[in-house]
Amino acid sequence: PKLDLGLEPDKLVAKVPFFAKTGADRISEIADMLTPRLVVPGECIITRGEPGTAMYFISSGAVEAATKPQPVRLGSGDFFGELALLTQEPRSATITAISYCQLLVLQLDDFNRIIAAHPDLQAQITEVASERLDKNALI
Ligand code: CMP
């Protein structure tokens, strides 16, 4: 049997519920824009205060956002790094891998392309982003 390293973008994208819901037709269009990235436990993925250049979808594994007063754990199917791209503010929190993670990276120009072409995806991302912003505003 073929060894499955789990690195084919189409399969990784289909595993992220956020994309699975959008339908098979769009999966390969979106998969073309995503780059798989494997990170190791303890690896820093986003540093607070830096400019945002990409957002990330978690295909497997878990990360921690160093938000205050409590850190937030994100896992399979979640995304992060969207806030800086939407608001053009610096990164709002440092994000560190807490296990081996298979991530899908969406660069800023492709992010802009996707949200312009798919208003439903834009709405989903914006909804999560504004909930996060509301929480962080309470600090
Ligand atoms: P960004 O500001 O680009 O980089 C840090 C990321 O942490 C941010 O985007 C969000 O994706 C994520 N983040 C910030 N605040 C929260 C929160 N309260 N809950 C979950 N994720 C968050």
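The values are calculated or read from the model by the stated rules, or taken from the named source; none is laboratory data. These figures come from a predicted structure and were not determined experimentally. Neighbour counts run over all protein chains shown; Cβ positions are idealised from the backbone, glycine included. Accessible surface areas use protein heavy atoms only, side chains included; no ligands, DNA or RNA. Shrake-Rupley method; radii C 1.70, N 1.55, O 1.52, S 1.80 Å.
Some observations on this one:
- Among the trypsin sites (Lys or Arg not before Pro) within region 32-113, those in coil by DSSP and having at most 16 neighbouring Cβ atoms inside 10 Å are R48.
- In order along region 51-58, the phi-based Karplus estimate (6.51 cos²θ - 1.76 cosθ + 1.60, θ = phi - 60°) of 3J(HN,Hα) comes to x, x, 10, 7, 10, 10, 10, 8 Hz; Gly and Pro are listed as x.
- One quarter of the convex hull surface built on the alpha carbon atoms of region 9-137 amounts to 7.0 nm², the projected area averaged over directions.
- Amide H to amide H distances under 5 Å link T94 with R48, A66, where only residues 5 or more positions off or on other chains count and H is placed in the peptide plane.
- Accessible surface computed residue by residue for region 93-139, with neighbouring protein chains in place and a 1.4 Å probe, gives 54 Å² per residue.
- Helices in the chain, meaning DSSP H runs of at least 4 residues, each add -39500 (n - 2.57). Divided by all residues, the mean residue ellipticity at 222 nm is -11000 deg cm²/dmol.
- Put simply, the amide H of A62, placed in the peptide plane, has neighbours under 5 Å in I98, S99, leaving out anything fewer than 5 places away on its chain.
- Two-decimal log10 I(q)/I(0) for region 32-83, as the Debye equation yields it once each C-alpha is a single scatterer, q = 0.20, 0.21, 0.23 Å⁻¹: -0.78, -0.87, -1.05
- For the chain, a Gaussian network of Cα nodes joined below 10 Å ranks I46, I30, I95 by mean-square fluctuation, and the top entry is I30.
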